[in-house]
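Notes for the one structure printed next.
The values are calculated or read from the model by the stated rules, or taken from the named source; none is laboratory data. Everything quoted here is computed from the prediction, not taken from an experiment. Cβ atoms come from the backbone with ideal geometry, glycine included; neighbour counts cover every protein chain shown.
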């Protein structure tokens, strides 16, 4: 059944918020974050760097999980004010390293220790607590925004890479191009790469594989289909991209009156969509690291 199923498909058609409780006597964290600040016309050499350190310190405290782990329903203003007070009074051994310094901006990475008592945190929250709640995922969004801001981004089209989406391949060697459009739509728009339809021009190739597909009966009226799918990003012509892989494995229950090929198509599309989002993030991170390395080596 597995072999005929695959043949049919191929013939017809993919910051961490720490809430762990500290001990009752002291709340302690080792925190770190990155931030950048634009250079202004009237800045001296140190001013933008100091602003970047302030921004990174704020981001580190806000995304440490310390405040949100005990007080979830805080307004953004209250969260900022409490964080600034913690920076002023409860950080120690604050260090920073400049990670980028050019005529447009300066970026830093900070590390610090944070210690305070639950009573001190309660006093600060009581002093600044506001009535307007924020979404419980606020800190996670802050971390994502900081990451986006501090990534090294292409400054010209020449620095962007070309990605070619290959055909979906089944374990028995059969291929289909019917999922290319889905993958292209599911890959978020990137500042680091374009999709190309010309494989000869591509820097990287996105390969997809249905590794296994299995259908089994549950009872007279129901079946279970399980598919394991693999998405790989590989360098087309050189080895500057380490193999990036994303595997998805899922099953779906369906009644015996459903068409197996349609059920398989639905599941493959679901798995490819999930894999594409994760793959895009990994490729973006890799290309950002390449740009960062090139920038530092040219300094």
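Take the residues of segment 77-112 that are more than 30 Å from residue 41 (Cα to Cα) and within 26 Å of the chain's Cα centre (by Cα): which is surrounded by the most Cβ atoms within 10 Å (Cβ to Cβ)? Applying the filter and picking the extreme gives 79. What pairs can you find where one residue is in segment 278-295 and closer than 17 Å to residue 230 by Cβ, the other is surrounded by fewer than 16 Cβ atoms within 10 Å (Cβ to Cβ), and their Cβ atoms are less than 6 Å apart, with a gap of 6+ or different chains? Close Cβ pairs satisfying both conditions: 280/188.
Looking at segment 118-141, can you tell me whether even one residue there is in contact with a helix residue (DSSP H, G or I) (Cβ under 9 Å, 6 or more places away or on another chain), part of a strand (DSSP E or B) and at pLDDT 85 or above? No, the conditions are met nowhere in segment 118-141.
Checking the conditions here, which among 159, 185 is surrounded by fewer than 16 Cβ atoms within 10 Å (Cβ to Cβ), over 30 Å from residue 93 (Cα atoms) and modelled with pLDDT of 85 or more?
Working: 159 fails: modelled with pLDDT of 85 or more.
Result of the check over 159, 185: 185.
If you take the residues in segment 185-205 that are closer than 19 Å to residue 157 by Cβ and either not assigned by TED's automatic domain parsing to the domain that holds residue 266 or not in a loop (DSSP other than H, G, I, E, B) (or both), which one is nearest to the chain's Cα centre (by Cα)?
If we take residues in segment 185-205 being closer than 19 Å to residue 157 by Cβ and either not assigned by TED's automatic domain parsing to the domain that holds residue 266 or not in a loop (DSSP other than H, G, I, E, B) (or both), then 193 is nearest to the chain's Cα centre (by Cα).
Filter segment 1-58 down to the residues that are at pLDDT 80 or above, assigned to a loop (DSSP other than H, G, I, E, B) and in contact with a helix residue (DSSP H, G or I) (Cβ under 9 Å, 6 or more places away or on another chain), then identify the one that is surrounded by the fewest Cβ atoms within 10 Å (Cβ to Cβ).
Within segment 1-58, the first condition is being at pLDDT 80 or above, and the residues that meet it are 27-40, 46-58.
Filter once more, so that each one left must be assigned to a loop (DSSP other than H, G, I, E, B): 39-40, 46.
Okay, now just the ones that are also in contact with a helix residue (DSSP H, G or I) (Cβ under 9 Å, 6 or more places away or on another chain), so 39-40.
Values: 39: 17, 40: 9.
This residue is 40.
Per this entry, residue 208 is counted among residues that are buried (at least 18 other Cβ atoms within 10 Å of the Cβ), in the same structural domain as residue 167 (by TED's automatic domain parsing), modelled with pLDDT of 90 or more and under 22 Å from residue 185 (Cβ atoms). Residues of segment 162-182 that are out of contact with any strand residue (DSSP E or B) (no Cβ under 7 Å at 6 or more places or on another chain) and either surrounded by fewer than 13 Cβ atoms within 10 Å (Cβ to Cβ) or part of a strand (DSSP E or B) (or both): 172, 173, 181.
Residues of segment 264-275 that are crowded, with 18+ Cβ neighbours inside 10 Å and either touching a helix residue (DSSP H, G or I) at 6+ places or on another chain (Cβ under 8 Å) or in a strand (DSSP E or B) (or both): 264, 268, 272. One residue alone among 261, 282, 248 is touching a helix residue (DSSP H, G or I) at 6+ places or on another chain (Cβ under 6 Å), at pLDDT 80 or above and either in a helix (DSSP H, G or I) or loosely packed, with under 12 Cβ neighbours inside 10 Å (or both), and that residue is 261.
If you go through segment 288-299 and keep only what is in contact with a strand residue (DSSP E or B) (Cβ under 9 Å, 6 or more places away or on another chain) and either modelled with pLDDT of 85 or more or in a loop (DSSP other than H, G, I, E, B) (or both), you end up with just 299.
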